[in-house]
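Below: the structure, in structure tokens.
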Amino acid sequence: MEFVAKIFSMAIAAIFVQNFVLARFLGLCPYIGVSKKLDSALGMGMAVIFVMTMASTFTWLIQTYLLVPFKIEFLQTIAFILTIASLVQLVEMVIQKTAPALYKALGVFLPLITTNCAVLGVAILNINEKFSFIEAILNGFFAGLGFTLVLLLMAGIREKLDKAELPKSMKGMPIAMIVAGCMALAFFGFAGLKI
Amino acid sequence: MKYYLKLGFVLLIITIIASGVLAYINSITKPIIEKNQRKTKEEARLEVLPSAVTFDSISYFNDEVVYTGKNEKGEIVGYTFVASLYGYSGDVKSMIGVTPELAVNKIKIIEQKETPGLGANCQKQEFQKQFENKIKSSMMVDKDGGEIISITGATITTRTIANSIKTGLAMLEEITSELEELTSDKEEKVK
Amino acid sequence: MTIFKEFTKGFVKENPVFVMALGLCPVLAVSSSVENAIGMGAAATFVLVFSNIFISLIKNFIPNKIRIPSYIVVIASFVTIVDMVMEAYVPALHKNLGLFIPLIVVNCIILGRAEAFAGKNNVIRSIVDGLGMGIGFTLALIVIAIIREILGAGQLLGFDVLPETYKPMLIAILAPGAFIVMGLLMGLMNMKKK
């Protein structure tokens, strides 16, 4: 029971309280870049959840069984970014072969994810927070879920914004930023929430 | 096939060179980083217990060492420990200097991630000063009927700090009473 | 394009932050004070210049297929160097910037410049390009940080600059303020362009 409670509080923390985009400022490029349409936002979100969970798993293993025993923690950044890059490549190849339908939906977004700082961010955070193996995987999954949630919210708002009458110079990116600010304000209400 | 081997080989060489350079720089910076970390803790200890000359470790609390501070004559002039509890958005850690009578001598916030402009004001001197000379029973925030005046808009942070010091003082009470028993036992044996 | 134009293009015309909207994460995250902004800008500029130099030097030896991974290794090495040196010599700043120093690796500006410029040009031009883009990035960071620090704390570089009667607009240094200030500045840039 205690374990369930812990997972629940981790989920709340990663999705709402410390939302990757709105509270930690990670993964902003796709958040602004891929949030114009609802269905592409959904595709991107799914791809991020998948890669973040996988990346959390593998980087944790590499840190614990490779970097720490050989005392080469200073290679962390290189090791993690290479892991993530090859992981993304591998996932792309596997999906292409085994699930063409899924590849059609996610394929375009996968290369973009390598440079999504949320993925490297969650990998490093898992180590900094001294999470256990299970906790790291779950944290990666929940953080991706939080990312997808705000990405979808944003896409929904932006589809409506397209029809709004705006000053010409505020169209597109600037208004998206201000909307993000308002969302961050709303998410600020979650700060300090503890379960 | 040969082509792919060549690709792997080039990448391997780049990575090996990079690792070598990094290992060299790491060997230079690592001792400095470790020294810095030790120094900041030492400085914080001296700041909260300025009358002490030497510090002896006596126990562990919050994964940090609890020290007794002694003057030149070897008399105990107080204790230091690190108080730590989860505040509003992260752990608030503070170095606490305590007098031999177990009243707070001085506190110094060493780590916090509270909201800038609200909870982060706990780093202000005026706030930290009010803890001086307070004993365990008066570690209570004004909202709970105590004497500690909370930071505007950050009662949670204030309460966290007060509670973390309170549990620390309780821990010290236990340790010092044990130590006293030990020393009185020894004295009896000598008699 | 003359060398001088190459240098100054990143300041306003092709500003990586305001015009190209690249590398937004660190811009929004560390711009709550001017001090952090300068530190972050300097770190990113260092990585940008040195990875540009190295990539333009080794570009002819690297097979096209492994171009991107090789660039990433070069960039990650310089980022790690910056990370270690900062932790050793400016620990307070290192702590403030925290996670965002290792994350310079995935800053789109740096890989973007490596791929679009240093991989195709000679060393001198690559240095100039890296320096120009780095300064443009730093300028953008400082502009946002000045606005946020003055509004949100009534301070500049830690010194009080507004009269004591000014009540700091806290939101400016919190997360929502970062987005809103950025949005308004981008709008302003758009207005000026037309």
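The values are calculated or read from the model by the stated rules, or taken from the named source; none is laboratory data. On a predicted model such as this, the values are computed, not experimentally measured, just so you know. For neighbour counting, all protein chains shown are included, and Cβ atoms are generated from backbone atoms with ideal geometry for every residue, glycine included. The area values use the complete protein model at the heavy-atom level, side chains included, leaving out ligands, DNA and RNA. Shrake-Rupley method; radii C 1.70, N 1.55, O 1.52, S 1.80 Å.
Solvent-accessible area of chain A (1.4 angstrom probe, protein heavy atoms only): carbon and sulfur portion equals 71 percent. For region C:1-96, GluC sites (Glu not before Pro) meeting the loop criterion (DSSP other than H, G, I, E, B) and having at most 16 other Cβ atoms within 10 Å: C:E14.
The residue among A:F80, A:A164, A:L22 whose Cα reaches farthest toward the positive pole of the charge dipole of chain A, with charges on the beta-carbon of Lys, Arg, Asp and Glu, is A:A164. A DSSP coil position with no more than 16 other Cβ atoms inside 10 Å describes the following trypsin sites (Lys or Arg not before Pro) in region A:121-195: A:K130, A:K163, A:K171, A:K194.
Note on the protein assembly as shown: Cα-only Rg and Dmax are 26.3, 96 Å. Among the trypsin sites (Lys or Arg not before Pro) within region B:10-73, those in coil by DSSP and having at most 10 neighbouring Cβ atoms inside 10 Å are B:K73. A full extension of the chain between B:E181 and B:K113 corresponds to an added length of 20.5 nm, given 0.36 nm per residue minus the alpha carbon distance.
In a fully extended conformation the segment linking B:I135 and B:D56 would gain 26.1 nm over its present Cα-Cα distance, using 0.36 nm per residue.
For the options C:I135, C:I58, C:I110, a Gaussian network treatment of chain C with springs between C-alpha atoms closer than 10 Å singles out C:I58 as fluctuating the most. Mean partner shielding of peptide A:120-127, defined as the number of other chain Cβ atoms within 10 Å of each residue Cβ, is 2.
Between C:L156 and A:F190, the FRET efficiency from the beta-carbon distance, with R0 = 41 Å, is close to 0.85. Each Lys and Arg adds +1 at its Cβ and each Asp and Glu adds -1 at its Cβ; summed about the Cα centre, the protein assembly as shown shows a dipole of about 2840 debye.
Averaging Cα coordinates gives a centre for region B:133-160 and one for region B:1-25; these two points are 58 Å apart. Annotation: A:C182 carries an accessible surface of approximately 80 Å², with a 1.4 Å probe and no ligand, DNA or RNA atoms counted. Distance between the modelled labels on A:Q96 and C:K192, one decimal in nanometres: 4.3 nm (7 Å Cα→Cβ projection). Multiplying the residue separation of A:L42 and A:S86 by 0.36 nm and subtracting their alpha-carbon distance yields 13.5 nm.
Volume per residue for region C:135-194 equals 93 cubic angstrom (convex hull of Cα atoms). So for region B:48-190, what percent of the C-alpha to C-alpha distances run longer than 19 Å? It works out to 51 percent of all Cα pairs.
Against chain A, whose longest principal axis comes from its Cα atoms, helix A:133-161 is set at around 10 degrees. Taking Cα atoms only, the orientation of helix C:34-58 departs from the longest principal axis of chain C by about 10 degrees.
Considering only A:E92, A:E73, A:E165, the mean-square fluctuation computed in a Gaussian network model of chain A, springs between alpha carbons under 10 angstrom, is largest for A:E165.
Relative to the longest principal axis of the C-alpha atoms of chain C, give the angle of the C-alpha long axis of helix C:67-89, reported between 0 and 90° and rounded to the nearest 10°. Between helix and principal axis, roughly 50 degrees. When only Cα pairs below 8 angstrom with a gap of at least 6 residues are kept, chain B shows a relative contact order of 13 percent. Cβ under 15 Å from C:I135's Cβ, C:I135 left aside: what net charge do those residues give with Lys, Arg +1 and Asp, Glu -1? Taking every Cβ under 15 Å from that of C:I135, the sum is +1. Going toward the positive end of the dipole of region C:1-79, with +1 on Lys and Arg Cβ and -1 on Asp and Glu Cβ, which of C:S56, C:V73, C:P26 do you reach last? Positive-end residue among those listed: C:S56. Put a dot 7 Å past the Cα of C:N122, heading toward its Cβ, do the same for A:L66, and the two dots end up 4.0 nm apart. Set the Cα radius of gyration of chain C against 2.2 N^0.38 Å, with N its number of residues, and you get 1.08.
Averaged per residue, region A:75-195 has 47 square angstrom of accessible surface, using a 1.4 angstrom probe with ligands and nucleic acids left out. The residue among C:F100, B:A52, B:G146 whose Cα reaches farthest toward the positive pole of the charge dipole of the protein assembly as shown, with charges on the beta-carbon of Lys, Arg, Asp and Glu, is C:F100.
The order of B:Y24, B:Y3, C:Y71, A:Y103 by accessible area, most exposed first and with a 1.4 Å probe, is B:Y24, B:Y3, A:Y103, C:Y71.
Each Lys and Arg contributes +1 and each Asp and Glu -1, all at the Cβ; summed about the Cα centre of chain B, the dipole is approximately 1140 debye. Residues A:M154, B:M1, ordered by accessible area of protein heavy atoms at a 1.4 angstrom probe radius and largest first, appear as B:M1, A:M154. Cross-link pairs exceeding 32 Å in C-alpha to C-alpha distance, out of A:K160/C:K65; A:K104/C:K59; B:K35/C:K59; B:K39/B:K113, comprise A:K160/C:K65; A:K104/C:K59; B:K35/C:K59. About the centre of its Cα atoms, chain C shows a dipole size close to 820 debye [charges on the beta carbon of Lys, Arg (+1) and Asp, Glu (-1) only; nearest 20 debye]. Fraction of C-alpha pairs exceeding 26 angstrom in region A:10-142: 22 percent, rounded to a whole number.
The distance from the alpha carbon centre of region C:144-182 to that of region C:46-84 is 37 Å, rounded to a whole number.
Per-residue mean of foreign Cβ neighbours for A:28-36 is 3 (Cβ atoms of other chains, 10 Å radius). Take the Cα of A:N128, step 7 Å toward its Cβ, do the same at C:K13, and the gap between the two points is 3.8 nm.
For region B:97-152, the square roots of the Cα gyration tensor eigenvalues, ordered a ≥ b ≥ c, give a/c of at least 1.5 with a/b no greater than b/c, which places it in the oblate category.
The interface between chain C and chain B buries about 1800 Å² of solvent-accessible area in total (1.4 Å probe, ligands and nucleic acids excluded).
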